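The values are calculated or read from the model by the stated rules, or taken from the named source; none is laboratory data. Note that the structure is predicted; figures quoted are calculated from it, not measured. Please note: Cβ atoms are built from the backbone with ideal geometry, for glycine as well, and neighbour counts cover all protein chains shown. The area values use the complete protein model at the heavy-atom level, side chains included, leaving out ligands, DNA and RNA. Shrake-Rupley method; radii C 1.70, N 1.55, O 1.52, S 1.80 Å.
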Amino acid sequence: MRILIVEDDAVLAAALTRALSQAGYAVDYVDNGEDAHRALSSDAYALVLLDIALPKMDGLAVLRRLRERKSRVPVLILTARDTLDDRVAGLDLGADDYMTKPFDLPEFEARVRALIRRGQFDAGKSLTHGSLRFDLEAHRLFHNDVPIELSVRELAVLEVLMSRQGQVVTKEQMVDRLFGWGDDGGSNAIEVYVHRMRKKLEPYNINIRTVRGMGYLLEKSSENERTEI
């Protein structure tokens with residue numbers, strides 16, 4: 001899942017980026033309202049963390065423009081403004097939640113998880129493929145209710161593949177979903193994750209097939225053609 005942080009406090013933004021990246025999210029960061037508006041106009045996000053007091057364009061204006069475009073991306077306002085009028089203004093413009101600085105990191109992470117679930121999983125709480133079930137709330141993979149241990153990044157790759165069953169997913173699409181702008185990652189990293197996952201999923205009759213020149217396709221092993229590494 002990709003998250004956009006809009007925050008002009010560089011120290012806070014760095015701390016939030018570090019915490020979210022460790023939790024397995026791809027994180028992008030901008031420090032002013034105009035850049036936030038441009039990012040939200042061109043990229044798809046699972047969540048926006050939005051300060052109100054921003055240079056160039058304040059956060060409420062960013063939020064107003066976002067909702068005018070009919071975007072339903074969840075927005076969590078993070079601000080030092082704690083008056084009732086400020087909270088009401090943000091919520092009336094379409095914010096989904098509101099946290100006042102300073103805040104505790106565990107509560108912040110819990111609210112992030114709750115908002116992403118609300119925004120992404122209205123159609124259901126799990127993805128299935130053959131004998132596999134991906135619990136979107138717990139962010140865990142199961143085979144006949146027995147958990148399969150994957151790394152955070154491996155789970156993220158599998159989530160993309162399971163959410164687009166029957167479709168070839170390109171490396172570029174995976175990179176876009178899994179890595180933030182400044183992350184050290186790319187197509188080589190995707191190849192490593194896929195290689196590891198193939199070995200872990202093989203006992204469950206599931207394979208990730210390489211479609212030469214295009215990307216990857218999740219399928220049952222009985223449907224496989226020759227797998228290319």
For Asp31, solvent-accessible area (1.4 Å; no DNA, RNA or ligand), Å²: 70
For the stretch 1-55 versus the stretch 102-177, the gap between their alpha-carbon centres in whole angstrom: 20
Virtual spin-label span in nm between Lys56 and Glu172, 7 Å along Cα→Cβ: 2.5
Whole-number Å³ per residue for the convex hull built on Cα positions in the chain: 127
Nearest-10 value in Å² for the accessible area of Glu149, using the 1.4 Å probe: 120
Accessible area in the full protein assembly, largest first, 1.4 Å probe, for Met214, Met174, Met57: Met214, Met57, Met174
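Under the 0.36 nm per residue contour assumption, what length would be gained going from the current alpha-carbon distance of Ala14 and Val88 to full extension? Write down the numbers at each step before the final one.
On the way: separation 74, 0.36 × 74 = 26.64 nm, distance 2.81 nm.
Residue separation times 0.36 nm, minus the Cα-Cα distance, leaves 23.8 nm.
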Candidates Gly166, Gly33, Gly59: whichever shows maximal mean-square fluctuation once the chain is modelled as a Gaussian network with Cα springs under 10 Å: Gly166
Amide H partners (placed H, <5 Å) of Gly130, local residues excluded: none
Hz values of 3J(HN,Hα) by residue in the stretch 47-60 - Karplus curve (6.51, -1.76, 1.60), Gly and Pro given as x: 6, 10, 9, 10, 7, 8, 7, 10, x, 6, 7, 6, x, 5
Unit charges at the beta carbon, dipole of the chain: most positive-side option, Ala19, Gln173, Pro74: Gln173
Calculated from backbone phi, Karplus (6.51, -1.76, 1.60) coupling profile of the stretch 204-209 in Hz, x at Gly/Pro: 9, 6, 10, 9, 9, 8
For the stretch 146-163, 3J(HN,Hα) per residue [Karplus equation, 6.51 cos²θ - 1.76 cosθ + 1.60, θ = phi - 60°, Hz, x = Gly/Pro]: 9, x, 10, 7, 10, 6, 4, 5, 4, 4, 5, 4, 5, 4, 4, 5, 6, 6
Listed residues Leu93, Leu158, Leu50, most fluctuating in the chain (Gaussian network, C-alpha, under 10 Å): Leu93
Spatial extent of the stretch 11-128: Rg and Dmax, with the Cα atoms as the point set, Å: 13.9, 45
Among Ala15, Ala156, Ala95: highest mean-square fluctuation, GNM of the chain, C-alpha pairs under 10 Å: Ala15
